[in-house]
Number of protein chains: 2
Amino acid sequence: MKKASRSGDNRGVLMNDVARRANVSPMTVSRALSNPKMVSEKTRTKILDAIEQTGYVPNRLAGSLASNRSNTIGIILPSLKNSLFAETIQAASDVLSKKGYLLLIADSGHLLEEEEKLVEAFLGQRVRGMILHNTLHTERTMAMISNSGIPVVETGDLLAEPMDISVSYSNFEASKAMTMFLAKKGYKRIGFVAMITENNNRARLRRDGYLAALSELNIGVDETLMIEAASSLEAGRDALTKLLAIEIKPDAVFFAGDIMAAGAAFECESLNLKIPEDIAIASFDDLAILQHMTPSITSLQIPRIAIGHEAAEIILNRIKGQETGVVSKDLGFEIAQRQST
Amino acid sequence: MKKASRSGDNRGVLMNDVARRANVSPMTVSRALSNPKMVSEKTRTKILDAIEQTGYVPNRLAGSLASNRSNTIGIILPSLKNSLFAETIQAASDVLSKKGYLLLIADSGHLLEEEEKLVEAFLGQRVRGMILHNTLHTERTMAMISNSGIPVVETGDLLAEPMDISVSYSNFEASKAMTMFLAKKGYKRIGFVAMITENNNRARLRRDGYLAALSELNIGVDETLMIEAASSLEAGRDALTKLLAIEIKPDAVFFAGDIMAAGAAFECESLNLKIPEDIAIASFDDLAILQHMTPSITSLQIPRIAIGHEAAEIILNRIKGQETGVVSKDLGFEIAQRQST
DNA sequence: TGACAAAATGTTACCGCTACCATAACCTTT
DNA sequence: AAAGGTTATGGTAGCGGTAACATTTTGTCA
C-alpha cells in the first residue's frame with residue numbers, strides 16, 4: 001500500500017459532502033446511519049456508497065452534542081495495575097462495546113479527591129453511565145453524580161444504600177465465611193492479613209468479617225495475629241514472616257487480598273514449611289496461579305466476570321429507560337477448598 | 001448527606017448561566033476556564049464563585065467540537081485481560097491524565113477487523129492521539145489513520161517503518177538473545193513454545209528470533225521442539241507435557257509468552273522434575289511471580305512501563321506541535337538470569 | 001382515478017461551546 | 001490631556017451534527 005501523506009489540518013469529510021454526493025439532504029444521511037429503516041433501500045445504498053467513496057467518519061462529538069446522547073461509559077478503578085479488575089472490565093467491555101459504547105477508563109490511585117476529579121471530567125464528557133469500583137466517595141462526588149441523572153454502578157462491595165446501583169458481593173460476608181470455614185476445619189489460631197484499609201472500605205469490611213467470625217465463634221481477638229499489608233507478592237512474604245515471628249504462631253493465615261497469599265506460599269517454600277501441615281493458607285481473591293501452585297490454595301471465588309457483565313447490562317437497561325428498580329444486586333461468592341487448608 | 005433526588009431530564013447548568021451570575025459574557029467564562037491569565041483576577045474570582053455556586057460542569061463535547069480539539073486519547077489492546085498490558089496502560093495513563101487527557105480503552109480480541117472498527121469509532125470521537133499495541137493492521141485501518149493526521153504510536157514491536165510512531169523493543173532480537181543465552185549456558189536441545197501466531201506478529205517474530213539464533217549457532221531446527229500454545233497457565237503445562245513426550249527430550253524450554261513458563265514450572269513441580277537439572281526453563285515476559293517462584297525463573301525484562309511512558313510523551317509532544325521527527329524508539333530489553341537456567 | 005394515510009425526505013433551528021474580530025477599559029508617556 | 005499601546009471583555013458566527021416539524025412522494029383502496 002502506498003503511504004498516504006499525513007495532512008494535519010484535515011477537518012475531513014462532512015456529512016454535507018456525503019449528502020451532496022448522494023443527492024440527498026444531510027438529514028437523510030443522518031437517518032441512514034442512525035436509523036436505517038427510516039430510509040428507502042435505494043437511497044440508503046446511494047448514501048452508503050458515497051460514504052465509502054469519501055471515507056466519511058461521522059463526528060460523534062457533534063452528534064452527541066446535538067442529540068444530548070453520548071456513546072461513552074466511564075469506569076473508575078482504584079488502580080489499573082491490579083489484574084483482578086481486568087476480568088470485570090473485560091466483561092463490561094464485551095457487553096457495552098457490542099452495543100456501540102466506548103469505555104473511558106481511569107484510575108483514582110486510591111484517592112477520593114482524584115476520583116472526584118475524574119467523575120467531574122467524565123461528566124464533562126457527558127458519559128452515558130459510570131462504573132465506580134470504590135464505594136467511598138467525597139460529598140461533592142456524590143452530589144455531582146446525584147444530579148447528573150445518569151446510571152452509576154458501584155461494584156466494590158454490596159451496598160445497602162448505593163448512590164444509585166450496587167452490583168457486587170459482600171466483602172464482609174465473604175471474609176466471615178472463609179474465617180468460619182477455617183475454624184470449622186479445626187484451625188485454632190487464624191491469622192489475618194488485611195489490605196491497606198486507608199480509603200478502602202473493602203479492606204475494612206474484610207477485616208470486620210474476620211472479626212465478626214471470631215466473635216461468633218467466641219474466639220478472642222489477638223491483635224498480634226492481624227497485619228495490614230500492601231497488595232503484592234513481597235508484602236505477602238513479609239506478612240507471613242511477621243506472623244511466624246510472634247510468640248504463639250498461627251496455624252492458619254487468611255490473606256484478605258490479591259496476590260499476597262501466593263507470596264506467602266512462595267515464602268513457605270523458601271522456608272521449607274509444609275502447607276497445610278505447618279501452616280494453612282487461604283486467599284481472598286482467586287487468582288489463576290493459586291489453583292496451579294503446589295499445594296493449590298484455598299480461595300474465595302469472587303464473581304468478577306458476572307459483576308462486569310451485570311453492571312453493564314443494568315446500565316444499558318437504565319439507558320433504554322427500563323427503570324428496573326434494581327438497587328442492589330448480590331452476586332455472591334464461593335469458597336474453593338483446595339490443598340492448602 | 002441527604003440523598004438528592006435523581007433528575008433524569010436535567011440538561012444542567014450552562015456556561016451562560018454562570019456568565020449571567022458573574023455579570024460577564026460567556027466568552028469570559030470560557031476564557032477563565034481555558035486560559036485563566038487572560039482574565040483579570042477580580043473577574044476570575046467572580047466566575048469561579050459562580051461556577052461553584054451553580055455546580056457548573058463544562059460540556060467538553062461542545063468545547064471539543066467548537067475548538068476542534070478533544071481531550072481524549074484512544075488505546076487499543078489485543079485483550080484487556082492480559083495483565084502484561086496493565087503496566088503500559090498505567091504508565092501512559094499517568095502521563096496523559098496529568099495533562100488533562102482522558103483514555104478511551106478498548107480491546108480488539110486479536111482481530112484485525114475489530115481493530116478497524118475501533119479505530120473508526122475512536123476517530124469518530126475525534127481522539128487526539130492513539131496507541132495501538134498490535135502492529136498488524138487492515139489496509140483500511142492504515143488509510144484511516146494516515147489521513148486522520150493524529151499521532152499514532154504502535155507499541156507491540158519495534159518497527160522499521162511504523163505507520164507513524166513506534167515505541168517498543170525488538171521481539172525478534174529479544175527472543176534471539178534469550179535463545180543464544182541458553183545455548184551459551186550449554187543447553188543443547190532448546191525447546192520453544194510460541195504464542196498463537198495468527199494475527200499476532202509479535203508471536204511470529206519471537207519464533208523467528210529463536211530460529212535465527214539456532215541458525216547462527218549452526219543448530220538444526222527440530223520441528224518437534226517447537227509448539228504453539230495459548231497464553232495461560234494451563235497451556236504452559238500442556239506444552240511442557242508435550243515436549244516431554246517427544247523422542248529426544250529437550251534440556252531447556254523457552255516459553256515465548258506471558259504466563260506459560262509459570263504453568264510449566266508448576267507442572268515440573270507436580271511431576272517432581274528438578275529445574276534446571278532435569279529441565280531448564282526460560283520465559284519471555286517477566287511476571288512478578290517468576291522471580292518469586294522456587295526456583296526463580298530466568299526471563300526477558302521488557303520495558304513495559306517505559307513504553308507506556310514514552311508513547312504518551314511522544315503523543316503529547318506531537319500534539320504540542322513539536323514534530324520530534326522520532327519515528328522508531330527502541331527501549332531495549334534485558335535478560336534476568338535466575339535459578340531456572 | 002381521486003382521496004387519504006403512510007413512508008420518505010427536506011427545512012429550520014439549535015445543541016453548548018470557542019475562534020475571531022471588535023470594542024472598551026486601563027495604563028503609560030510626553 | 002491627548003495619543004498610543006496594552007489588557008480585558010464582548011458580539012457574532014460557526015463547529016457538525018440531530019430533533020422536530022413541514023413537505024413531498026408513494027402506496028392503497030373505494
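Computed FRET efficiency, Cβ-Cβ of residue A:246 and residue A:328, R0 41 Å: what is it to the nearest 0.05? Could you put the intermediate results ahead of the total?
Details: r = 39 Å, r/R0 = 0.96.
The computed FRET efficiency comes out at 0.55.
Could you work out Rg/(2.2 N^0.38 Å) for chain B, with Rg from alpha carbons only? Write down the numbers at each step before the final one.
Details: Rg = 25.7 Å, N = 341, 2.2 N^0.38 = 20.2 Å.
Expressed relative to 2.2 N^0.38 Å, the Cα Rg reads 1.28.
Please build a GNM for chain A, connecting alpha carbons under 10 Å apart, and tell me which residue among A:193, A:152, A:18 fluctuates the most.
A:18
Nothing charged except the Cβ atoms of Lys and Arg (+1) and of Asp and Glu (-1): what's the magnitude of the dipole of chain B about its Cα centre? Round to the nearest 20 debye. Mind showing how you got there, number by number?
Details: 38 positive and 41 negative charges, 434 e Å.
Value, rounded to 20: 2080 debye.
Of B:125, B:308, B:100, which is farthest along the charge dipole of chain B in the positive direction, counting Lys and Arg as +1 and Asp and Glu as -1 at C-beta?
Toward the positive end, the furthest listed residue is B:100.
Quick one: net charge around residue B:334, please, counting Lys, Arg +1 and Asp, Glu -1 for every other residue with C-beta under 15 Å from its C-beta. Let's see the in-between values first.
On the way: positive: B:176, B:304, B:338; negative: B:173, B:285, B:286, B:330.
That works out to -1.
Roughly what would the spin-label model give for residue A:188 and residue B:52, points 7 Å off Cα along C-beta, in nm?
6.1 nm
With 28 Å as the limit, write out which pairs from B:176/B:274; A:249/B:81; B:81/B:320; A:42/B:117; A:81/B:117 have Cα-Cα distances beyond it, or answer none. Working shown, then result.
Working: B:176/B:274 25 Å; A:249/B:81 38 Å; B:81/B:320 33 Å; A:42/B:117 25 Å; A:81/B:117 26 Å.
In this structure, A:249/B:81; B:81/B:320 exceed 28 Å between Cα atoms.
Quick one: if the Förster radius is 25 Å, what FRET efficiency do residue B:222 and residue B:79 give, using the C-beta to C-beta distance and rounding to 0.05? All intermediate terms of the calculation are to be shown ahead of the outcome.
Values: r = 31 Å, r/R0 = 1.25.
With R0 = 25 Å, the Cβ-Cβ based efficiency is 0.20.
Taking a 1.4 Å probe, which of B:170, A:231 shows the most accessible area, and what order do the others take after it? Could you put the intermediate results ahead of the total?
Working: B:170 20, A:231 55 Å².
The ordering from most to least exposed comes out as A:231, B:170.
Could you work out the local net charge near residue B:294, counting Lys and Arg as +1, Asp and Glu as -1, over the other residues with Cβ closer than 13 Å to its Cβ? Walk me through the intermediate numbers first.
Numbers: positive: A:237, B:274, B:338; negative: A:267, A:269, B:269.
Combined, the nearby Lys, Arg, Asp and Glu give 0.
Looking down the axis that turns A into B, which residue of A has the closest beta carbon, and how many Å out?
Nearest-to-axis residue on chain A, with distance in whole Å, is A:83, 2.
What number, rounded to the nearest 500 deg cm²/dmol, is the helix-based mean residue ellipticity at 222 nm of chain A, given -39500 (n - 2.57) per DSSP H run of at least four residues and division by all its residues? Don't jump to the answer; show the numbers that get you there.
Working: 13 runs with 151 residues, N = 341.
Calculated from helices alone, the mean residue ellipticity at 222 nm is -13500 deg cm²/dmol.
Sorted from shortest, what are the nm distances separating the label point of residue A:49 from equivalent points in the other copies, each placed 7 Å from Cα along Cα to C-beta?
6.4
What are the residues of segment A:105-129 that lose 40 Å² or more of accessible area, with a 1.4 Å probe, going from their chain alone to all protein chains?
Residues shielded by partner chains are A:105, A:124, A:125, A:126.
Can you tell me the 0 to 90 degree angle between the C-alpha axis of helix B:41-54 and the longest principal axis of chain B, rounded to 10?
Rounded to the nearest ten degrees, it is 80.
If each label sits 7 angstrom from Cα along the C-beta direction, how far apart, in nm, is residue A:26 from its counterparts in the other copies?
With the label placed 7 Å along Cα→Cβ, residue A:26 yields 1.8 nm.
From zero outward in steps of 10 Å, how is the percent of C-alpha pairs of segment A:215-279 spread across the bins?
21, 53, 23, 2
If B:206, A:20, A:140, A:126 are ordered by their accessible area, calculated over protein heavy atoms with a 1.4 Å probe, which sequence runs from highest to lowest? Walk me through the numbers on the way to the answer.
Details: B:206 10, A:20 160, A:140 110, A:126 65 Å².
The residues order as A:20, A:140, A:126, B:206, largest area first.
Run the label-point distances for residue B:278 please: 7 Å along Cα to Cβ, every other copy, nanometres, shortest first.
2.2
So for chain A: antiparallel DSSP bridges make up what percent, rounded to the nearest 5? All intermediate terms of the calculation are to be shown ahead of the outcome.
Details: 3 of 34 bridges.
Bridges in chain A that DSSP calls antiparallel: roughly 10 percent.
Considering the options A:33, B:178, A:169, tell which one lies farthest towards the positive end of the dipole of the protein assembly as shown, charges being +1 on Lys and Arg and -1 on Asp and Glu at the Cβ, about the Cα centre.
Working it through, the farthest residue towards the positive pole turns out to be A:33.
Got a number for the accessible area of residue B:190? Probe 1.4 Å, square angstrom, nearest 10.
Approximately 10 Å² of residue B:190 is accessible to the 1.4 Å probe.
Please find the FRET efficiency linking residue A:270 to residue A:196, where r is the Cβ-Cβ separation and R0 is fixed at 25 Å, and quote it to the nearest 0.05. Write out the running numbers ahead of the final one.
Details: r = 24 Å, r/R0 = 0.98.
Taking R0 as 25 Å, the efficiency between residue A:270 and residue A:196 is 0.55.
Cut-off 10 angstrom, C-alpha nodes, Gaussian network model of chain B. Which of B:222, B:258, B:208 fluctuates the most?
Among B:222, B:258, B:208, the largest GNM mean-square fluctuation belongs to B:222.
Could you work out what % of the accessible surface of segment A:241-341 is carbon and sulfur, using a 1.4 angstrom probe and leaving DNA, RNA and ligands out of the count?
Details: 2030 of 4090 Å².
Roughly 50 percent, rounded to a whole number.
Calculate how steeply helix B:304-319 sits against the longest principal axis of the alpha-carbon atoms of chain B, using the helix alpha-carbon long axis, and give the answer as 0 to 90 degrees to the nearest 10.
Tilt of helix B:304-319: around 40 degrees.
In the Gaussian network model of chain B, springs joining C-alpha atoms below 10 Å, which of B:115, B:228, B:323 carries the largest mean-square fluctuation?
Largest GNM mean-square fluctuation: B:323.
With a 1.4 Å probe and all protein chains left in place, how much accessible area per residue does segment A:171-301 have, in Å²? Each step should come with its number before you reach the end.
Details: 5050 Å² over 131 residues.
It amounts to 39 Å² per residue over segment A:171-301.
The values are calculated or read from the model by the stated rules, or taken from the named source; none is laboratory data. No experiment lies behind these values; they were computed from the predicted model shown. So basically every Cβ, Gly included, is an ideal-geometry build from the backbone, and we count neighbours across all protein chains shown. Protein only, heavy atoms only, side chains kept; ligands, DNA and RNA dropped before computing areas. Shrake-Rupley method; radii C 1.70, N 1.55, O 1.52, S 1.80 Å.
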